[in-house]
Amino acid sequence: MTELWALPRPSLAVVGSDDRFPVRRIYCVGRNYVDHIREMKEGDERDLPFFFQKPTDSLVESGDAVPYPPQTADLQYEGELVAAIGAPGADVSLSDATSIVFGYAAGIDLTRRDLQRDAVRASRPWEMGKSFDHSAPCGPITPAAGVPGIAAGELELTLNGERRQATRLDLMIWKVPEIIHHLSRQYRLEPGDLIYTGTPAGVGPVRAGDSIVVSITGLAPLEVTVR
Ligand code: MN
């Protein structure tokens, strides 16, 4: 038996290794920094974390270009820490949560903000605003053992060399162990899952020709251009 066609197997580079990290699912956390909730004027910082997904084949690797997506006039960047899962886990306790993390990367939750806002107004899912082709740029994964202080690190996003987002990661409302705990009550996590952990304030539009860099303490930077 042969398969009718070959599907791509999305994967990411691993820092310090020739291995590739095969990606199974991409989960994202909505609203995880108080300053971003305030700039968006939506939600409540005391709400439990909530999640959405992006298609696995929407990954874009560092150094690659993102085609400006269709059906939007307001593509926006959201710089985020990404946790990469390396072991299965359902109903994972807070104390066990970091034991299933393989490593961390810098990511961008690209968003068609106009479509997201339309969806919110119409009480429809965020899908069209969040889960489009090329919507998930993600840098190389650094194994967790190499970044023991990641939770106290800092994130910075620059657009054409100008700083647009900057935060301490300990300002997340829901920290990585809490995110894993809550998400693993909804889905059984498996090796190859990525979790985008939410963005701080300073989100904004990108245009064709722009260059975006996300830098996180101890991690390889993510660099993409929009064409
Ligand atoms: Mn986001």
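The values are calculated or read from the model by the stated rules, or taken from the named source; none is laboratory data. Computed from a prediction, not measured in an experiment: that's the story for all the values here. Please note: Cβ atoms are built from the backbone with ideal geometry, for glycine as well, and neighbour counts cover all protein chains shown. Just so you know, the surface numbers come from the protein's heavy atoms only, side chains and all, with ligands and any DNA or RNA stripped out. Shrake-Rupley method; radii C 1.70, N 1.55, O 1.52, S 1.80 Å.
Brief remarks follow.
- Tabulated pairs, segment 1-22, first at pLDDT 95 or above, second assigned to a strand (DSSP E or B) and open to solvent by 100 Å² or more (accessible area, probe 1.4 Å), C-beta under 8 angstrom, 6+ apart or interchain: S11/R20; L12/R20; A13/R20; V14/R20
- Residue selected from segment 151-164 under the condition open to solvent by 70 Å² or more (accessible area, probe 1.4 Å) and among the charged types (D, E, K, R), by the criterion farthest from T199 (Cα to Cα): E162
- Where strands (runs of 3 or more DSSP E) sit wholly within segment 14-65, those with at least 1 residues that are more than 15 Å from the ligand (Cβ to nearest atom) and charged (D, E, K, R) occupy 20-22, 59-61.
- Of all residues in segment 93-111, those that are over 28 Å from I212 (Cβ atoms) and open to solvent by 50 Å² or more (accessible area, probe 1.4 Å) have Cβ atoms under 7 Å from Cβ atoms of residues that are outside any loop (DSSP other than H, G, I, E, B) and not β-branched (V, I, T), 6 or more apart or on another chain, in L94/P177; L94/E178; L94/H181; T98/P177.
- Pairs meeting the criteria (first residue in segment 36-54 and over 16 Å from I26 (Cα atoms), second residue among the acidic types (D, E), beta carbons under 7 Å, at least 6 apart or on different chains) are I37/E45.
- Annotation note: Cβ proximity below 7 Å between a residue of segment 180-199 that is closer than 16 Å to L59 by Cβ and a residue that is assigned to a helix (DSSP H, G or I) and open to solvent by less than 10 Å² (accessible area, probe 1.4 Å) (sequence gap 6+ or interchain) occurs for I195/I179; I195/L183.
- Leading residue by the ranking (farthest from the ligand (Cβ to nearest atom)) among those in segment 94-120 that are assigned to a helix (DSSP H, G or I) and either polar (S, T, N, Q) or modelled with pLDDT under 95 (or both): S99
- Segment 205-218, subset within 16 Å of the chain's Cα centre (by Cα) and open to solvent by less than 20 Å² (accessible area, probe 1.4 Å), residue nearest to A144 (Cα to Cα): I216
- Among the residues of segment 66-88, the ones that are out of contact with any Asp or Glu (no Cβ under 9 Å at 6 or more places or on another chain), in a loop (DSSP other than H, G, I, E, B) and within 16 Å of the ligand (Cβ to nearest atom) come to 0 in all.
For (1) under 18 Å from A106 (Cα atoms); (2) buried (at least 16 other Cβ atoms within 10 Å of the Cβ), each residue gets a yes or a no:
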residue: P8; (1), (2): no, no
residue: P22; (1), (2): yes, no
residue: V29; (1), (2): yes, yes
residue: N32; (1), (2): yes, yes
residue: L48; (1), (2): no, no
residue: S62; (1), (2): yes, yes
residue: A65; (1), (2): yes, no
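- Options P143, P125, P148, P137; residue that is touching an Asp or Glu at 6+ places or on another chain (Cβ under 8 Å) and either open to solvent by 10 Å² or more (accessible area, probe 1.4 Å) or under 21 Å from T199 (Cα atoms) (or both): P137
- The residue that is farthest from the ligand (Cβ to nearest atom), counting only those in segment 187-204 that are open to solvent by less than 20 Å² (accessible area, probe 1.4 Å) and hydrophobic (A, V, I, L, M, F, W, C), is L189.
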